[in-house]
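Here, each number is a calculation from the coordinates, and none is a lab measurement. Since this is a predicted model, take the numbers as computed values, not measurements. Cβ coordinates were reconstructed from backbone atoms using ideal geometry, including for glycine residues, and neighbour counts include every protein chain displayed.
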Amino acid sequence: MAYWIGQFCGLLATVGCVIVPFFRYKWQMLADVVATNLLMALNFILIGEVGSAAFLCGVATVQGVLSLIHNQRDRAAGKTEIGIFFVLYLVLGFYGLMSRPGYVPGINGGNLLELLPIFGALLNMVFILVKDPKTSRKVLLGINVTWAIYSAIVGAAAFFAEVVTMGTTLWAMYHYRNTDN
C-alpha cells in the first residue's frame, strides 16, 4: 500500500512540476517547488528508495521555505545560510549514498547513480538562489534532466513529472522570452 501511495505522491509531484515554469513570478515558482520537493521526497521514501534523493528533496523543501521568506522580505539568503545548505546537500547526499542497501565503496553503477540526486540538489540550490525568473527556468531545465534520469533508473513515477516539465519549461522559456522579469 505504501508503494502505491508513494507513486501517487509522484503523480502529484508531476502536476507541481508541470505548472512551475508557467508562473510569472519567482515567489510563485518557489511555493510550487516547495510542495513538489516534499511530494518527491515522499515518493522516494514510500517506494523504498531511501537514499540520497529522499534526503536531498527534504533539505530542498526546507531551503525553499526559507527562500520564500527571503523573497517576501525582498532580501537574499546570507552567505552562512548558503554555506550551511551547500554542506547539508553534500553531507546528506553522501550519507544517503553510503546508507543505500548494497553500497560498496569505490566507483560502481549504484554509487554513480546516487550522485545524480546530489547534482540535482545543488542545481536546485542555484534555482532557489537565483532571483531572475528567466534564469530560473534555464536552471530548472537542468534540474529536470538530472532528476528524470535518476527517476527513470529507480522506477519512480516522478520520472513523468520531470519529462513533462522539460517540455513545459521549454514552452515557458519561449513564451516569456521577451519579458523583463
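Assorted remarks:
- 17 Å tail of the calculated P(r), the stretch 21-61, as % of Cα pairs: 35 percent
- Exposure proxy order (Cβ contacts within 10 Å, fewest to most) of Y89, Y25: Y25, Y89
- Three principal axis extents describe the C-alpha atoms of the chain; from largest down they are 49, 35, 29 Å.
- A Förster radius of 41 Å combined with the Cβ-Cβ distance from Y95 to F22 puts the calculated FRET efficiency at roughly 0.70.
- According to the Kirkwood relation over distinct C-alpha pairs, the hydrodynamic radius of the stretch 19-93 is 13.0 Å.
- Pairwise alpha-carbon distances in the stretch 111-161 exceed 18 Å for 32% of all pairs.
- Only helices enter this figure: runs of n ≥ 4 DSSP H residues, each worth -39500 (n - 2.57), summed and divided by the residues of the chain, yield -27000 deg cm²/dmol at 222 nm to the nearest 500.
- Taking other C-beta atoms within 10 angstrom as a stand-in for reagent exposure, D74, D32, D132 fall in the order D74, D132, D32, fewest first.
- Note on M173 and I5: with the Förster distance fixed at 35 Å, the Cβ-Cβ geometry gives a FRET efficiency of about 0.55.
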